[in-house]
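*Asks:* Could you have a look at this structure, given as C-alpha cells, before my questions?
The values are calculated or read from the model by the stated rules, or taken from the named source; none is laboratory data. Remember, predicted model here, so these are calculated numbers, not experimental data. Ideal geometry is used to build each Cβ from the backbone, glycine not excepted, and the neighbour counts take in all protein chains shown. Please note that ligands, DNA and RNA were not included when accessible areas were found on the heavy atoms of the full protein model with its side chains. Shrake-Rupley method; radii C 1.70, N 1.55, O 1.52, S 1.80 Å.
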Amino acid sequence: MPRPITISFTSLFITTLFISTFSLPQELFALDFSSKLRTDKQSLMSVASDFGNLTESIPATVFYPSSPHDIAAVISFSYTNSAPLFISPRGHGHSINGQTSCPDGMVIHMESLGQDRTDRINVSVANRYVDVGGEQLWIDVLNAARRHGLGVNSWTDYLYLTVGGTLSVGGISGQTFQHGPQISNVLELDVITGTGEQVTCSKTRNRDLFNAVLGGLGQFGIITRARIPLSPAPEKVKWVRLMYTDIVTFTRDQERLISVDENEWLSGFLNYLEGSLLLEQGLIDSWRSSSFFSKNDTERIVQLTAKHRLTALYYLEVVVGYDEDIATEVDQELDLLLDDLSFVPGFAFAQEVTYVEFLDRVHDGEVKLQEAGQWQVPHPWLNLFVPKSRILDFDAGVLKGILGKDKAMGPILIYPMNKNKWDSEMSAMIPDEEVFYAIGILRSATRDKLEKMVDQNKKILEFCTIEGIAFKQYMPHYRTKEGWMKHFGSKWDKFVELKMKYDPKGILAPGLKIYTSLL
Ligand code: FAD
C-alpha cells in the first residue's frame, strides 16, 4: 500500500497527496474498459475537491464509463483482484467534506454515463413514473417530466445535483413535510454492488439492498437507474414569504402548517414550506433569495429589524401551485390561510412565477455568484436535524449565541418535517421525535474567516452534545468508529451486516471512512 503524504497548507487545509510512484494494478490496463481510464493531471485534479472546497485528495485514476456494464466490470475486477482497488462514484461533486474522494483509488465520473445520450431519462405517462439514470441531474428530470405536465413529488432546493447523489443522502426540501424526502419517493433501483453484481431492487424485490442504498451514503452499491413516481404538476405557483420577529411564533406557525392530520385540506393545498433566518440587508438578497424582495421591501424589512432592535428576523415561506382556471379560488384560500397566521402585519410578500421558475430558483443565485467569482469559495456548511422539542434551545444557544453576527455569510434554513414521512427501514438517520427541524447553516467563507467558521461548526456540535440535544447530522461525516456508531445508533449492527453482504471488501466510497472504521 502506498503511504499518504499529508501536507498542511494552513491549519485547516489538509491536502492529501500520494506518492507518484504508486501504480495501479497493471492488469487493469489490459481490460476492455481500459481506454476509459485516465491518469492525467487534469482528470485527477478535476475530481480532487468538491463544492465544499475544504479538502483535496487526489485519486490514482478517474474512470469515464459509458454504460452500467462498464461500472460492473471495474468493480468485479477490483473485487476479484488480490489487492482490491477503492472505488468512489462521483455525481455532480456537490458534497462538502470529501465524500467522493478516493485516495489511492478510482473515482467514477458518473455523469459520463449520460454523455451524448438521450435514452437515460424515460417518462412513462401511462404509468406515471420516470426511469432515470443515477448520473442525471434533477433539472433534466424536471424538464423531461414537465413536457408531459408532470413532476416528481419531492425535490431538492437546488436541481443541479445528480439523482444518485441525492438518493445517497436523502434529498430534502419544502415538500418533505408532505411527501417525505426523495428517498421516500422511489419505486425501484438498479444497483451495482461492491461485488460487481447488477441488482434490481424495490420494496418487494431485494428489499434489504433497496433500503440500504437509499440514504446509504454510497456504501452498498452504485445507483445506475431509479424509477420515480410522477404526479400532475401545476403551471404556476404563488410564492409567499411571511416575516416574524420571534422564533416562538415563527415555529408555532410552521408546525401548525405541517400538521397535516389537524389541517387535512392543507395537505393538498400547500406544495412547499420552508423557513429561513434573515440577519441583514446583504443576506436578504443572498443567492437563495435572489430577486425575491424589491428594493422597497428590503428597506422595510431592514427598518423592521432596527425598530425591534433585533439581530435577526425569520421568514416562513410557502408555495401553492395552480393552473390559471382556478387562480381566483386559490387566492381566496391563500388569504384565508394567511389570516390565520401570526406574522408581522403588513409583512407578507408574494410573487407569481411558473412552476419551473420556482423549482429552479437557486440556480439564478448561482449564476450571479459564478459571474462574480464567488461560487468556488470554501463552503463550511453544516446541516443538522434538530428535534422540535429543542428548537428554541438551539435558536438561543446556536443561532443567537455561537453564530452571533457571523450568520451573514450565507443563508440559514430552519424548517420542520414529519418523521412519519420517512421510512425507518432505510439507511438515512433522523431524530426520534414526531416533528424535527432541518437546519442548514450554508455559509461561504473567505480564507481569513474559514478557520473561525469551522471552529464555530465544531462548537455547535459540542453545544448540542453537552445540552443533550438529540440531533442527527444530515450528510454526516465522521472520522471514527464511535462517531459512526453514534450516528447510526440502533441501526449500526444492521448497517455493518449489510455492508459485509453487499461490499464485503469495503471497496465503495471510502471517503467517508466507514469501512476503515470497522477494521
Ligand atoms: P456527489 O457529491 O458527487 O456524491 C455524494 C455522495 O453520493 C458520495 O458519497 C458519492 O460517493 C455518492 N454517490 C454519488 N453518485 C452515486 C450513485 N449514482 N450511486 C451511489 N452513490 C452515489 N441536499 C438536499 O437534500 N436538499 C437541497 O436542497 C440541497 N441543496 C444543495 C444546494 C447546493 C448548492 C449544494 C452544493 C448541495 C445541496 N444539497 C442539498 C446537498 C446535496 O444533495 C448532496 O451533497 C448530494 O450528495 C450532492 O449530489 P451530487 O450529485 O453532487 O453527489
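*Asks:* Return the pairs, sorted by first residue and then second, in which the second residue is part of a helix (DSSP H, G or I), the first residue lies in segment 289-313 and is touching a residue at least 60 places away in the same chain (Cβ under 8 Å), the beta carbons are less than 6 Å apart, and the residues are 6+ apart or on different chains.
*Replies:* S290/D364; S290/G365; L313/T305
*Asks:* I would also like to ask the following. Among the residues of segment 136-156, are any within 12 Å of the ligand (Cβ to nearest atom), open to solvent by less than 20 Å² (accessible area, probe 1.4 Å), in contact with a Phe, Trp or Tyr (Cβ under 7 Å, 6 or more places away or on another chain) and assigned to a loop (DSSP other than H, G, I, E, B)?
*Replies:* yes
*Asks:* Let me ask something else. For the condition in contact with an Asp or Glu (Cβ under 7 Å, 6 or more places away or on another chain), over 22 Å from L113 (Cα atoms), of a type in the set (S, T, Y) and crowded, with 17+ Cβ neighbours inside 10 Å, what is the one hit in S184, S202?
*Replies:* Values: S202 fails: crowded, with 17+ Cβ neighbours inside 10 Å.
Answer to the check: S184.
*Asks:* Let me ask you something else. Return yes or no: is L369 more than 16 Å from the ligand (Cβ to nearest atom) and out of contact with any His (no Cβ under 8 Å at 6 or more places or on another chain)? It would help to see each step written out before you state the result.
*Replies:* Values: more than 16 Å from the ligand (Cβ to nearest atom): no; out of contact with any His (no Cβ under 8 Å at 6 or more places or on another chain): yes.
The answer is no for L369.
*Asks:* In this structure, does K513 turn out to be in the same structural domain as Y79 (by TED's automatic domain parsing), in contact (Cβ under 8 Å) with a residue 24 or more places away in the chain, closer than 28 Å to P59 by Cα and more than 14 Å from the ligand (Cβ to nearest atom)? Don't jump to the end; show me each part of the working.
*Replies:* Working: in the same structural domain as Y79 (by TED's automatic domain parsing): yes; in contact (Cβ under 8 Å) with a residue 24 or more places away in the chain: yes; closer than 28 Å to P59 by Cα: yes; more than 14 Å from the ligand (Cβ to nearest atom): no.
Taking the combined requirement at face value, the residue does not satisfy it.
*Asks:* Kindly establish whether P84 is within 28 Å of I514 (Cα to Cα) and away from the ligand (no atom under 15 Å from the Cβ). Step through it out loud before you land on a result.
*Replies:* Details: within 28 Å of I514 (Cα to Cα): yes; away from the ligand (no atom under 15 Å from the Cβ): yes.
Judged against the criteria, P84 is a match.
*Asks:* Please go through segment 87-135 and pick out each residue that is more than 14 Å from the ligand (Cβ to nearest atom), more than 25 Å from E357 (Cβ to Cβ) and hydrophobic (A, V, I, L, M, F, W, C).
*Replies:* A126 - this is the single residue of segment 87-135 that is more than 14 Å from the ligand (Cβ to nearest atom), more than 25 Å from E357 (Cβ to Cβ) and hydrophobic (A, V, I, L, M, F, W, C).
*Asks:* Same structure, new question: Which condition number does S168 fail, the rest of (1) open to solvent by 30 Å² or more (accessible area, probe 1.4 Å); (2) under 13 Å from the mean Cα position of the chain (by Cα) being met?
*Replies:* Of the numbered conditions (1) open to solvent by 30 Å² or more (accessible area, probe 1.4 Å); (2) under 13 Å from the mean Cα position of the chain (by Cα), the odd one out for S168 is (1).
*Asks:* Here is a list: G221, G216. Which entry is crowded, with 20+ Cβ neighbours inside 10 Å, within 25 Å of V386 (Cβ to Cβ) and not assigned by TED's automatic domain parsing to the domain that holds D331? I'd like the intermediate steps shown before the answer.
*Replies:* Values: G221 fails: within 25 Å of V386 (Cβ to Cβ).
Testing whether each residue is crowded, with 20+ Cβ neighbours inside 10 Å, within 25 Å of V386 (Cβ to Cβ) and not assigned by TED's automatic domain parsing to the domain that holds D331 leaves just G216.
*Asks:* Taking the conditions exactly as written (in contact (Cβ under 8 Å) with a residue 12 or more places away in the chain and more than 12 Å from the ligand (Cβ to nearest atom)), does N185 satisfy them or not? Reasoning before the result, please.
*Replies:* Values: in contact (Cβ under 8 Å) with a residue 12 or more places away in the chain: yes; more than 12 Å from the ligand (Cβ to nearest atom): yes.
Considered against the rule, which asks whether it is in contact (Cβ under 8 Å) with a residue 12 or more places away in the chain and more than 12 Å from the ligand (Cβ to nearest atom), N185 comes out as yes.
*Asks:* Still on this structure: Say we look at segment 100-119 and pick out the residues that are open to solvent by 30 Å² or more (accessible area, probe 1.4 Å) and not acidic (D, E); which of these is farthest from L44 (Cα to Cα)?
*Replies:* T118
*Asks:* Name the single residue that is farthest from N211 (Cα to Cα) among those in segment 486-500 being buried (at least 16 other Cβ atoms within 10 Å of the Cβ) and of a type in the set (A, V, I, L, M).
*Replies:* Across segment 486-500, the extreme among qualifying residues is V496.
*Asks:* Separate question: Answer yes or no: is there a residue in segment 338-346 that is surrounded by fewer than 19 Cβ atoms within 10 Å (Cβ to Cβ) and part of a helix (DSSP H, G or I).
*Replies:* Yes: segment 338-346 contains one or more residues that are surrounded by fewer than 19 Cβ atoms within 10 Å (Cβ to Cβ) and part of a helix (DSSP H, G or I).
*Asks:* May I pose another question? If you scan segment 300-337, which residues turn out to be outside any strand (DSSP E or B) and among the small types (G, A, S)? It would help to see each step written out before you state the result.
*Replies:* Narrowing segment 300-337 to residues outside any strand (DSSP E or B): 300-312, 323-337.
A306, A312, A327, listed by residue number.
*Asks:* I'm checking my understanding of the structure. Among residues of segment 307-329 that are of a type in the set (A, V, I, L, M, F, W, C) and at pLDDT 95 or above, which one is surrounded by the fewest Cβ atoms within 10 Å (Cβ to Cβ)? Walk me through how you get there before you give the answer.
*Replies:* We begin by selecting, within segment 307-329, every residue of a type in the set (A, V, I, L, M, F, W, C); these are 310, 312-313, 316, 318-320, 326-327.
Keeping just the survivors that are at pLDDT 95 or above gives 316, 318-320.
Values: L316: 25, V318: 27, V319: 21, V320: 19.
The selected residue is V320.
*Asks:* Answer yes if at least one residue in segment 65-81 is free of Cβ contacts under 8 Å to residues at least 60 places away in the same chain, within 12 Å of the ligand (Cβ to nearest atom), open to solvent by less than 10 Å² (accessible area, probe 1.4 Å) and not β-branched (V, I, T), and no otherwise.
*Replies:* Yes, that holds for at least one residue.
*Asks:* Counting just the residues of segment 463-485 that are modelled with pLDDT of 95 or more and among the charged types (D, E, K, R), which one comes out farthest from the ligand (Cβ to nearest atom)?
*Replies:* The extreme case among them is E467.
*Asks:* Follow-up. Just the residues that are open to solvent by 20 Å² or more (accessible area, probe 1.4 Å) and more than 23 Å from I514 (Cβ to Cβ), please, taken from segment 419-436. Lay out the reasoning, then the answer.
*Replies:* Let us first name the residues in segment 419-436 that are open to solvent by 20 Å² or more (accessible area, probe 1.4 Å), namely 419-425, 429-430, 432-435.
Result: K419, N420, K421, E433, E434, V435.
*Asks:* Let me ask something additional. Which members of segment 461-481 meet the condition of being within 20 Å of G98 (Cβ to Cβ) and in a helix (DSSP H, G or I)?
*Replies:* Residues satisfying the conditions are L461, K481.
*Asks:* Something else: Pick from segment 340-363 the residues that are within 16 Å of the ligand (Cβ to nearest atom) and closer than 26 Å to L399 by Cβ: which of them is nearest to the chain's Cα centre (by Cα)? Working first, answer last.
*Replies:* Initial filter on segment 340-363 (within 16 Å of the ligand (Cβ to nearest atom)): 358-363.
Among the residues that remain, those that are also closer than 26 Å to L399 by Cβ are: 361-362.
Working: R361: 16, V362: 13 Å.
It comes out as V362.
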